[in-house]
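Asker: Okay, here's the structure, questions in a sec.
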Amino acid sequence: THIQWQPGAKGVVAVAGARRMTFEERVGIAGKVHTGYILLWSSLDPIQPQMVLEAPGDVHCFKFCPTNSDLVIGGLESGQIAMWDLADARAKAREAKMLSDDTGEEGGSNTITASPTILSAVDLSHKRSVTDLIFLPANFEVSERGKFTRPKDPPTEQNMFLSVGADGTLLWWDVRKAHE
């Protein structure tokens, strides 16, 4: 459903896929939870993914944060937004000693599986599938009242993004608020 190179990582591409189903099959599983995935592949090991990002449903689109390539946001079929922190997933894998060989390289038998660190609430998300995501520039923000501002001391990281859904809505998201 979506493909993107990971910024700052040489030869790493991420791919999201969805199940191929007929309309009747989709109706049959409607309301049931199934797992969707984003796979991060390295050109150095095209056989096994480096990382598998799991989501509670098919991922229709995703984006890497331009200023922090370890932050990934994804738009789900359910209308929810999922966020993964790759650095956190790597740290947890090291703690659990999932990296089995001495090289410390990811991929092969060292594939890391990560669940979303943050998942938006259903009632605060899109009512239909998320179709696109985009990060706002760091020097551009939207207040809680919907006013556009340019902070005098802009942050160095991009913290706000937009999502568009098949329900015809545009939602503003702030990564800092999600962590709170």
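Asker: Filter region 34-55 for residues that are under 22 Å from residue 120 (Cβ atoms) and over 12 Å from the mean Cα position of the chain (by Cα); which is least open to solvent (accessible area, probe 1.4 Å)?
Answerer: 51
Asker: Looking at 39, 44, 53, which one is farther than 28 Å from residue 172 by Cβ and at pLDDT 95 or above? Show your work before the answer.
Answerer: Numbers: 44 fails: at pLDDT 95 or above; 53 fails: farther than 28 Å from residue 172 by Cβ.
Just one listed residue meets the conditions, 39.
Asker: Let me ask another. Within region 36-55, count every residue that is touching a strand residue (DSSP E or B) at 6+ places or on another chain (Cβ under 7 Å) and not in a strand (DSSP E or B).
Answerer: Initially, region 36-55 is screened for residues touching a strand residue (DSSP E or B) at 6+ places or on another chain (Cβ under 7 Å), giving 36-42, 45, 48-55.
Subset that is not in a strand (DSSP E or B): 48-50.
So the answer is 3.
Asker: Any idea which residue in region 1-25 is least open to solvent (accessible area, probe 1.4 Å), counting only those that are in contact with a Cys (Cβ under 8 Å, 6 or more places away or on another chain) and in a strand (DSSP E or B)? Steps first, please.
Answerer: Restricting attention to region 1-25, the residues satisfying the condition of being in contact with a Cys (Cβ under 8 Å, 6 or more places away or on another chain) are 1-2, 16.
If we keep only those that are in a strand (DSSP E or B) as well, we get 2, 16.
Numbers: 2: 44, 16: 3 Å².
Per the criteria, the residue is 16.
One line per residue, one yes/no per condition, for (1) modelled with pLDDT under 90; (2) touching a strand residue (DSSP E or B) at 6+ places or on another chain (Cβ under 9 Å):
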site: 88; (1), (2): no, yes
site: 123; (1), (2): no, no
site: 127; (1), (2): no, yes
site: 133; (1), (2): no, yes
site: 142; (1), (2): yes, yes
site: 145; (1), (2): yes, no
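Asker: Evaluate region 17-35: report whether one residue or more is touching a strand residue (DSSP E or B) at 6+ places or on another chain (Cβ under 9 Å) and among the aliphatic types (A, V, I, L, M).
Answerer: Residues of region 17-35 touching a strand residue (DSSP E or B) at 6+ places or on another chain (Cβ under 9 Å): 17-19, 35.
Keeping just the survivors that are among the aliphatic types (A, V, I, L, M) gives 18.
Within region 17-35, one or more residues are touching a strand residue (DSSP E or B) at 6+ places or on another chain (Cβ under 9 Å) and among the aliphatic types (A, V, I, L, M).
Asker: Would you point out the residue of region 108-158, among those that are of a type in the set (Ser, Thr, Tyr), closer than 18 Å to residue 64 by Cα and assigned to a loop (DSSP other than H, G, I, E, B), that is most open to solvent (accessible area, probe 1.4 Å)?
Answerer: Narrowing region 108-158 to residues of a type in the set (Ser, Thr, Tyr): 109, 111, 113, 115, 117, 120, 125, 129, 131, 143, 149, 156.
In the following step, the residues that additionally are closer than 18 Å to residue 64 by Cα were identified as 113, 115, 117, 120, 131, 156.
Pick out the ones that are also assigned to a loop (DSSP other than H, G, I, E, B) and you get 115, 117, 120, 156.
Values: 115: 73, 117: 65, 120: 16, 156: 126 Å².
Only one residue tops the list, namely 156.
Matching residues to (1) open to solvent by 70 Å² or more (accessible area, probe 1.4 Å); (2) in a strand (DSSP E or B):
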residue: 27; (1), (2): yes, no
residue: 32; (1), (2): yes, no
residue: 63; (1), (2): no, yes
residue: 73; (1), (2): no, yes
residue: 78; (1), (2): no, no
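The values are calculated or read from the model by the stated rules, or taken from the named source; none is laboratory data. Note that this is a predicted model, so its numbers are computed, not measured. As a convention, Cβ positions derive from the backbone with ideal geometry for all residues, glycine included, and neighbour counts pool all protein chains shown. The area values use the complete protein model at the heavy-atom level, side chains included, leaving out ligands, DNA and RNA. Shrake-Rupley method; radii C 1.70, N 1.55, O 1.52, S 1.80 Å.
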